[in-house]
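Structure record follows, encoded as structure tokens.
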Amino acid sequence: MIKVLTIQDVPKISEYEQFEHDCLTMDQLMNMLSNKSYCNLGVFINDQLISYLFTATTKGEIDIVKIFTAEAYRQKGFAIKLLAFLESKYPKHILYLEVNELNKPAINLYHKLGFQQINVRKKYYNNINDAIIMERKIQ
């Protein structure tokens, strides 16, 4: 089941984030969960959060800030379901995201979903790895 994330979900999100190389800080989480310009969604199985999506929304544009799926649930389509739900909520928007050039599984998924590379931020991650900027127009 897909639900809007709330402050009550912070402990589980924080638990997942502590193992991420690009983890969200507590301040970032609290800001995104309390700010109406963000759309934050989670996939829950038996009331357990297993995948989530944080996006910043503006008129006509959506920036994907973070998409995450717990390791045991990866490659089962949960990220795709979150994106499909988001698209149904925001038709005719443009989705933007950035991904580390080394994150080949994510890059492959985004290409499969119709995202196109539009730019590169050189040495964006730790002044070493490039960030690939991608976009997709929602029909």
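Some notes on this structure:
- Filter result (loosely packed, with under 12 Cβ neighbours inside 10 Å and in contact with a strand residue (DSSP E or B) (Cβ under 8 Å, 6 or more places away or on another chain)) within segment 93-117: GLN116
- Checked against the criterion of being closer than 14 Å to ILE2 by Cβ and touching a Phe, Trp or Tyr at 6+ places or on another chain (Cβ under 9 Å), segment 81-97 has at least one qualifying residue.
- Filtering segment 121-136 for residues that are part of a helix (DSSP H, G or I), at pLDDT 90 or above and surrounded by 14 or more Cβ atoms within 10 Å (Cβ to Cβ) leaves an empty set.
- Residue count, segment 11-50 (criterion: closer than 21 Å to TYR125 by Cβ, hydroxyl-bearing (Ser, Thr, Tyr) and in contact (Cβ under 8 Å) with a residue 24 or more places away in the chain): 1
The values are calculated or read from the model by the stated rules, or taken from the named source; none is laboratory data. Remember, predicted model here, so these are calculated numbers, not experimental data. In this analysis, Cβ positions are derived from the backbone assuming ideal geometry, glycine residues included, and neighbour counts consider all displayed protein chains.
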